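Everything on this sheet refers to the single structure shown next.
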Amino acid sequence: MGALVSIYADHYWLVELRAAFGADYHEPRQQPGYLGVGQISDDIASVTEVAQGLQDPESWPILWHDLEHVTGLLRALAWMDLPKDS
């Protein structure tokens with residue numbers, strides 16, 4: 001096991017993929033199609049489950065779904081590294 005990182009939030013805003021890459025993404029006055037909420041604890045559980053399932057050749061990840069969880073964790077780490085407001 002590697003180093004542990006404490007993330008001081010569990011929920012975050014999430015722009016769904018279809019909205020983020022929709023045809024109207026370039027229109028600055030357009031609202032995103034769907035703004036949801038992601039959860040770090042759910043992301044951790046899902047990534048852990050996928051990692052454990054990689055040993056089973058019958059169990060394949062659902063790439064778009066599982067990468068969303070990885071992205072949530074990477075964004076949380078990036079958020080923790082942001083310079084603190086002074």
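The values are calculated or read from the model by the stated rules, or taken from the named source; none is laboratory data. Values in this document were obtained by computation on a predicted structure and should not be read as measured data. All Cβ positions, glycine included, derive from the backbone under ideal geometry; neighbour counts span all protein chains shown.
Residues of the range 39-55 being of a type in the set (A, V, I, L, M) and in a loop (DSSP other than H, G, I, E, B), which ones?
The one that is of a type in the set (A, V, I, L, M) and in a loop (DSSP other than H, G, I, E, B): Leu54.
State all residues of the range 49-83 that are among the aliphatic types (A, V, I, L, M), free of Cβ contacts under 8 Å to residues at least 60 places away in the same chain and surrounded by 10 or more Cβ atoms within 10 Å (Cβ to Cβ); if no residue qualifies, say none.
If the condition is that a residue be among the aliphatic types (A, V, I, L, M), free of Cβ contacts under 8 Å to residues at least 60 places away in the same chain and surrounded by 10 or more Cβ atoms within 10 Å (Cβ to Cβ), then Val50, Ala51, Leu54, Leu67, Val70, Leu73, Leu74 are the ones that fit.
What tally of residues in the range 1-24 results from selecting those that are surrounded by 12 or more Cβ atoms within 10 Å (Cβ to Cβ) and either within 16 Å of Ala76 (Cβ to Cβ) or at pLDDT 80 or above (or both)?
Number satisfying all stated conditions: 7.
Among what's in the range 56-73 and is of a type in the set (D, E, K, R) and assigned to a helix (DSSP H, G or I), pick the residue that is farthest from Val15 (Cα to Cα).
Asp66
For the range 44-72, name all the residues that are of a type outside the set (S, T, N, Q) and within 16 Å of Leu17 (Cα to Cα).
Answer for the range 44-72, where residues must be of a type outside the set (S, T, N, Q) and within 16 Å of Leu17 (Cα to Cα): Ile62, Leu63, Trp64, His65, Asp66, Leu67, Glu68, His69, Val70, Gly72.
Within the range 25-53, work out how many residues are modelled with pLDDT of 75 or more and in contact with a helix residue (DSSP H, G or I) (Cβ under 6 Å, 6 or more places away or on another chain).
Step one: filter the range 25-53 for residues modelled with pLDDT of 75 or more, giving 35-53.
Now restrict to residues that are in contact with a helix residue (DSSP H, G or I) (Cβ under 6 Å, 6 or more places away or on another chain): 38, 40, 43, 46-47, 50.
Here the count works out to 6.
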